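J.: Mind having a look at this structure? Questions to follow.
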Amino acid sequence: MSSLRFRWVALGLLVVCLLALGSFNHAVAQSSNPVRQIIVPDEDRFTPFAITIRVGQRVQWVNNDTDDHTIVSDDAFNTSGPRGVDVLLPANGGTVSIRFQHPGTFPFYCRFHAHLDAANQPVAPGPDGGIQDPNGNYGTPMAGVITVVQQ
């Protein structure tokens, strides 16, 4: 009977150790996937334009501009999800965060400072809604891309 009890105690300790190890590995994985930031400086652009992250990582957009902007997913080319993103990024320090759970690409743009052409590519606003500089140019589209790779 003591041999059977010893086996159950040993099995219980093994289960507890495996659960603890799993929790430790999860904590290490979380700490090795820091939040990446995309900044809107005091002008109409995302910096950096392109980043690469790992599955499970979170991206945080920070708007340091005095104008509101948006994060809109270009779902015609979005292969990493989430789909249908269209959120306001408030002026003066507003933030938006998204965690990416699938590998692929996540092209995005600002609805206020770009629109999609017939091929679903972001283009700068024109005379019907853009800001024209003294040279007659309407600027470049406010867009970016996130590449999500396996861990």
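J.: What is the Cα centroid distance between the stretch 37-89 and the stretch 101-118, reported in whole angstrom?
T.: When both Cα centres are located, 8 Å separates them.
J.: While we're on this one: Counting DSSP beta bridges with both partners in the stretch 36-149, what percentage is antiparallel, nearest 5?
T.: 70 percent
J.: For the modelled label position 7 Å from the Cα of Gln101 along Cα-to-Cβ, which residues of the stretch 67-95 have backbone nitrogen atoms closer than 16 Å?
T.: 79-85
J.: Could you please rank Ile71, Ile98, placing first whichever residue has the fewest other Cβ atoms within 10 Å of its Cβ? Can you show the working numbers first?
T.: Values: Ile71 23, Ile98 19.
Neighbour counts put them in this order, fewest first: Ile98, Ile71.
J.: Moving to a separate point now. Quick check for me: using +1 on Lys/Arg Cβ and -1 on Asp/Glu Cβ, what's the dipole size of the stretch 36-149 about its Cα centre, in debye to the nearest 20?
T.: 720 debye
J.: Ok, one more. In the stretch 33-88, what trypsin sites (Lys or Arg not before Pro) fall in a loop by DSSP, with at most 15 other Cβ atoms inside 10 Å?
T.: Answer in residue order: Arg83.
J.: Under a crude label model (7 Å from the Cα following the beta-carbon direction), how far is Ala76 from Gln37 in nanometres?
T.: Going from the Ala76 label point to the Gln37 one covers 3.3 nm.
Every number in this text was worked out from the coordinates using simple rules, so none of it is lab data. Owing to the predicted nature of the structure, the values given are computational and were not obtained by experimental measurement. Cβ atoms come from the backbone with ideal geometry, glycine included; neighbour counts cover every protein chain shown.
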